[in-house]
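Presented below is the structure to which this report refers.
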Amino acid sequence: MSHDDNLVLGIDVGSSEVKVVVCTIGDKGDICICGKGASVVAGLSRGEIIDVDQLMVSIDRAVKRAAVNHDVDMCKVVVNIPLFDVKFVHNMGFLLSQNENGQISEKDRLECIRRSKNLVNKAGYYSLHVIPLVYKVDDVIVKNPVGVFGQKLEVQTQVVLAPYSTVNQIVDVLKRLNFKVCVIFQQEKDKKLI
């Protein structure tokens, strides 16, 4: 088996199968698929994890099938979260830019998105993604607000929330399979999962 520092393992935990792809990502972002594998999923019922041990066996079986010629122990892992009780919430973020040049900056854009995320604080959930959908500068819709002259920035976002229990179970499975998990969710300053 060969080990490549550019190896990435993608794991898709579906309702009937676990699918795994092993790939390398080149310097220019090009993806080369090195292996793929699948296994019947066990331990899930309608997207809810009901048996962590069975789910771990399913994931392990699919990983082994995908990684026949590769050492994936230390590679990066990207995994989805089963959709049981995942919430999709639309939200808004607002910001009055203080830039002296009168233009919206990248810092303003990121802060506005962060504010939209902070308005969604659902107990027992991690904020997995904050997806900007629409930007407005001084009430005018723009594709990208950076560099636009104006003071008032608004962003409409979709926030994806997943239950702590589901995320923690997936992280536990990956750790038990000897994958290094480095995931940080910043929904609350005190609660970080590493």
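When N101 is tested against (1) surrounded by 15 or more Cβ atoms within 10 Å (Cβ to Cβ); (2) out of contact with any Ser or Thr (no Cβ under 9 Å at 6 or more places or on another chain), just one condition goes unmet, and that condition is (1). Every listed requirement among (1) over 24 Å from G14 (Cα atoms); (2) in a loop (DSSP other than H, G, I, E, B); (3) at pLDDT below 85 is met by V181 save one, (1). Taken over the stretch 1-56, the criterion of being more than 21 Å from the chain's Cα centre (by Cα), free of Cβ contacts under 8 Å to residues at least 12 places away in the same chain and open to solvent by less than 60 Å² (accessible area, probe 1.4 Å) is satisfied by S45, D51. Residues that are within 19 Å of N6 (Cα to Cα) and of a type outside the set (A, V, I, L, M) were ranked within the stretch 57-80; the one that is surrounded by the fewest Cβ atoms within 10 Å (Cβ to Cβ) is N69. Per the listing K136, K122, the residue uniquely open to solvent by 50 Å² or more (accessible area, probe 1.4 Å), at pLDDT 90 or above and either assigned to a strand (DSSP E or B) or within 30 Å of F84 (Cβ to Cβ) (or both) is K136. The set of residues in the stretch 87-119 being closer than 30 Å to R46 by Cβ and touching a Leu at 6+ places or on another chain (Cβ under 7 Å) consists of K87, V89, N91.
With respect to I113, is the statement that it is under 30 Å from I141 (Cα atoms), part of a helix (DSSP H, G or I) and either open to solvent by less than 30 Å² (accessible area, probe 1.4 Å) or in contact with a His (Cβ under 6 Å, 6 or more places away or on another chain) (or both) true? Here the answer is yes, as I113 does meet what is asked. Considering the stretch 139-164, and only residues there that are more than 13 Å from C112 (Cβ to Cβ) and without any contact (Cβ under 8 Å) to a residue 60 or more places away in the chain, the residue that is most open to solvent (accessible area, probe 1.4 Å) turns out to be K143.
Please enumerate the residues belonging to the stretch 6-37 that are closer than 26 Å to S165 by Cβ and small (G, A, S).
G10, G14, S15, S16
The values are calculated or read from the model by the stated rules, or taken from the named source; none is laboratory data. What you are looking at is a predicted structure, and each value in this text was computed from that prediction instead of being measured. Positions of Cβ are backbone-derived with ideal geometry, glycine not excepted, and every protein chain shown enters the neighbour counts. SASA here: full protein model, heavy atoms, side chains in, ligands and nucleic acids out. Shrake-Rupley method; radii C 1.70, N 1.55, O 1.52, S 1.80 Å.
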